[in-house]
Amino acid sequence: MGRIHTNEPITSFVFCGDSGGNITLAVSLSYSIRVFSMKAYSLLHTIQLAELRTNKTPITTMHAHPIFDNFVLVSSENQIWLMHLSCEATLRVYSAREIAEGVRIEGQFSPCGICVSWNMGHSRVLVCDSTKVASQTTS
């Protein structure tokens, strides 16, 4: 058993991995994501999200993709970021003009991984197709 420590508060975490036993733990801090190996309990890399720090919109939640091991949805106030953890890349940012600044939303993948949805706090859900980005990245 091991422990993972950070100098900042952890806002969320998700386990990602494959059937070969390569399990990682993605931990979100306010303005960055740290990816740890669960075999060695060691830090693999840190993804700095400078745009979030500049806009002072910290990460609120994170969800793992149900099919693609390295994809996560990062929620930050009124935006959802589709990220590839291994490449340390932002693949897509979901936002809409109708989402007012300061409104906190939480993005989630559908169980099949095709759709990204989020509730904007007043009984409305927006849905987008995530397969276009995923198929371009994994091929």
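The slack between Arg3 and Ser42, meaning 0.36 nm per residue of separation minus the straight C-alpha distance, is 13.1 nm.
How much length, in nm to one decimal, is gained on full extension between Asn55 and Ser86, taken as 0.36 nm per residue of separation minus their Cα-Cα distance? Walk me through the numbers on the way to the answer.
Values: separation 31, 0.36 × 31 = 11.16 nm, distance 2.48 nm.
This chain segment gains 8.7 nm when fully extended.
Counting only protein chain heavy atoms and rolling a 1.4 Å probe, the accessible areas of Arg92, Arg3, Arg53 rank, largest first, as Arg3, Arg53, Arg92.
Summarising the amide proton neighbourhood of Glu106: residues at separation of 5 or more, or on other chains, whose placed amide H is nearer than 5 Å comprise Asn119.
Our summary of shape: the Cα atoms of the range 1-84 have principal axis extents of 38, 30, 16 Å, ordered from largest down, in whole angstrom.
As a length-normalised measure over Cα pairs under 8 Å and 6 or more apart, the relative contact order of the range 26-100 settles at 18 percent. With 0.36 nm allotted per residue and the present C-alpha distance subtracted, the Ile23-Val93 stretch has 22.6 nm of extension available.
Qualifying GluC sites (Glu not before Pro) in the range 13-95, where qualification requires a DSSP coil assignment and no more than 15 other C-beta atoms within 10 Å, comprise Glu88.
The values are calculated or read from the model by the stated rules, or taken from the named source; none is laboratory data. Here the structure is a predicted model, which is why all the values come from computation and not from measurement. Positions of Cβ are backbone-derived with ideal geometry, glycine not excepted, and every protein chain shown enters the neighbour counts. Side chains included, ligands, DNA and RNA excluded: accessible areas come from the protein's heavy atoms. Shrake-Rupley method; radii C 1.70, N 1.55, O 1.52, S 1.80 Å.
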